[in-house]
1. Among the numbered conditions (1) in a strand (DSSP E or B); (2) over 11 Å from the mean Cα position of the chain (by Cα); (3) not hydrophobic (A, V, I, L, M, F, W, C), tell me where Gly16 comes up short.
2. Sort out which residues of segment 51-70 are closer than 13 Å to Thr18 by Cα and of a type in the set (A, V, I, L, M, F, W, C), and write them in order of number.
3. Quick one: what pairs do we get from segment 16-40, first residue at positive phi, second of a type outside the set (S, T, N, Q), C-beta under 9 Å, 6+ apart or different chains?
4. Given (1) assigned to a strand (DSSP E or B); (2) open to solvent by 40 Å² or more (accessible area, probe 1.4 Å), where does Gly36 come up short, assuming only one miss?
5. All but one of (1) open to solvent by 70 Å² or more (accessible area, probe 1.4 Å); (2) of a type in the set (Val, Ile, Thr); (3) free of Cβ contacts under 8 Å to residues at least 40 places away in the same chain hold for Val53; state the number of the condition that does not hold.
6. Please determine, by comparing only the residues of segment 1-33 that are of a type in the set (Val, Ile, Thr) and at pLDDT 85 or above, which one is most open to solvent (accessible area, probe 1.4 Å).
Amino acid sequence: MIQLFINGNCLTVMDGMTVAAALAQAKSYSRVSVRGEQRTPFCGMGVCQECRVKINGFRVLACQTLCQQGMQVETQ
């Protein structure tokens, strides 16, 4: 088990889990669309871009990124 932070809140997840799965576990949305709608990962393989988040200051795709100890995830 490892701990990471989603919008400042500590979350414990299984090692090897993607950030997209951690967001689902935390019941957190990836981002808000230009229309103000909450968005979540859709395709699970990086094509739809709906899972964009900032991790340690860098924009990445949550479905393509494995959780690491202490990482700071910011939804947009």
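The values are calculated or read from the model by the stated rules, or taken from the named source; none is laboratory data. The model shown is predicted, which means the values in this text are computed figures rather than measured ones. Counting neighbours? That spans all protein chains shown, and the Cβs are built from the backbone with ideal geometry, glycine included. Heavy atoms of the whole protein, side chains included, go into the accessibility calculation; ligands, DNA and RNA do not. Shrake-Rupley method; radii C 1.70, N 1.55, O 1.52, S 1.80 Å.
1. (1)
2. Selection gives Cys51, Val53, Ile55, Val60, Leu61, Ala62, Cys63, Leu66, Cys67.
3. Pairs found: Gly16/Leu66; Gly16/Cys67.
4. Gly36 satisfies all of (1) assigned to a strand (DSSP E or B); (2) open to solvent by 40 Å² or more (accessible area, probe 1.4 Å) except (1).
5. Among (1) open to solvent by 70 Å² or more (accessible area, probe 1.4 Å); (2) of a type in the set (Val, Ile, Thr); (3) free of Cβ contacts under 8 Å to residues at least 40 places away in the same chain, the lone unmet condition for Val53 is (1).
6. The residue in question is Thr12.
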